[in-house]
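The values are calculated or read from the model by the stated rules, or taken from the named source; none is laboratory data. Computed from a predicted structure; not experimentally measured. Reconstructed Cβ throughout: ideal geometry from the backbone, glycine too, with neighbour counts over all protein chains shown.
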Amino acid sequence: MFNIKAFLLFVVITTITPGPNNILSMSNAARVGMRRAFPFNLGILAGLTLVFSLCALLSAALFAWLPALSLPMKCVGAAYMLYLAVKTYVSKAPESGAEGGAAQGMSFANGLTLQFLNMKIIVYGLTVMGSYVLPSFSAPLILAGFVAFFTLTCFAANLSWALFGSLFFRLFSRKQKLINTILALLLVYCAVSLFL
């Protein structure tokens with residue numbers, strides 16, 4: 001029987017809590033503003049769609065292989081998160097009033113690639129499909145509806161974090177080193193928590 005309350009609680013907690021997508025979206029929008037950060041968010045949307053689709057199609061097979069693949073996947077994901085933490089920590093505020101030197105946001109490709117190395121999203125997709133969806137539903141159209149739901153809820157949370165970052169752009173630019181340090185430490189926490 002499908003437990004809608006537990007399912008929705010899991011979805012909300014997983015999508016709104018800090019993870020690589022949300023932290024990088026906030027950091028990126030704080031550095032370059034919401035408009036220039038949007039291609040990165042669109043890359044995240046495309047990546048989420050692909051990753052959740054793969055989780056829906058392959059979760060049964062992956063559960064059988066997961067014990068053997070778990071450690072290498074965690075190591076790759078943690079290494080990428082640590083790389084992103086360093087990149088966030090050393091990033092500089094955009095120069096105000098410098099037309100030619102406008103800050104560049106992270107790209108669509110960065111957002112797309114992140115999803116395939118983002119263990120939080122991969123584990124979330126496998127867990128929610130295996131624990132909640134597949135035991136109760138198997139029709140392809142229903143599974144596609146769940147993929148769309150997961151993608152849109154994650155994307156909405158991601159845009160909320162980006163909006164928060166862009167609204168506090170001036171505060172962040174004045175306190176950038178402190179903010180970058182906090183965001184980098186949160187990414188390090190995400191990487192370390194894979195092994196806890």
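Here are the numbers:
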quantity	calculated
Residue 2 being touching a Ser or Thr at 6+ places or on another chain (Cβ under 9 Å) and either over 18 Å from residue 156 (Cβ atoms) or among the aromatic types (Phe, Trp, Tyr) (or both)	yes
Looking only at region 124-162, and only at residues there that are of a type in the set (Ser, Thr, Tyr) and either modelled with pLDDT under 90 or surrounded by fewer than 14 Cβ atoms within 10 Å (Cβ to Cβ) (or both), the one that is nearest to residue 43 (Cα to Cα)	124
Qualifying residue in region 93-105 (condition: modelled with pLDDT of 85 or more and either in contact with a strand residue (DSSP E or B) (Cβ under 7 Å, 6 or more places away or on another chain) or not small (Gly, Ala, Ser) (or both))	no
Among (1) closer than 16 Å to residue 39 by Cα; (2) at pLDDT 90 or above; (3) buried (at least 17 other Cβ atoms within 10 Å of the Cβ) - the single one residue 165 does not satisfy	(2)
Qualifying positions in region 13-22 - under 13 Å from residue 160 (Cα atoms) and surrounded by fewer than 24 Cβ atoms within 10 Å (Cβ to Cβ)	15, 16, 17, 18
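Residue-by-condition table, conditions (1) under 15 Å from residue 117 (Cβ atoms); (2) among the hydroxyl-bearing types (Ser, Thr, Tyr); (3) buried (at least 17 other Cβ atoms within 10 Å of the Cβ):
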residue: 3; (1), (2), (3): no, no, no
residue: 6; (1), (2), (3): no, no, no
residue: 11; (1), (2), (3): no, no, yes
residue: 30; (1), (2), (3): no, no, yes
residue: 37; (1), (2), (3): no, no, yes
residue: 51; (1), (2), (3): yes, no, yes
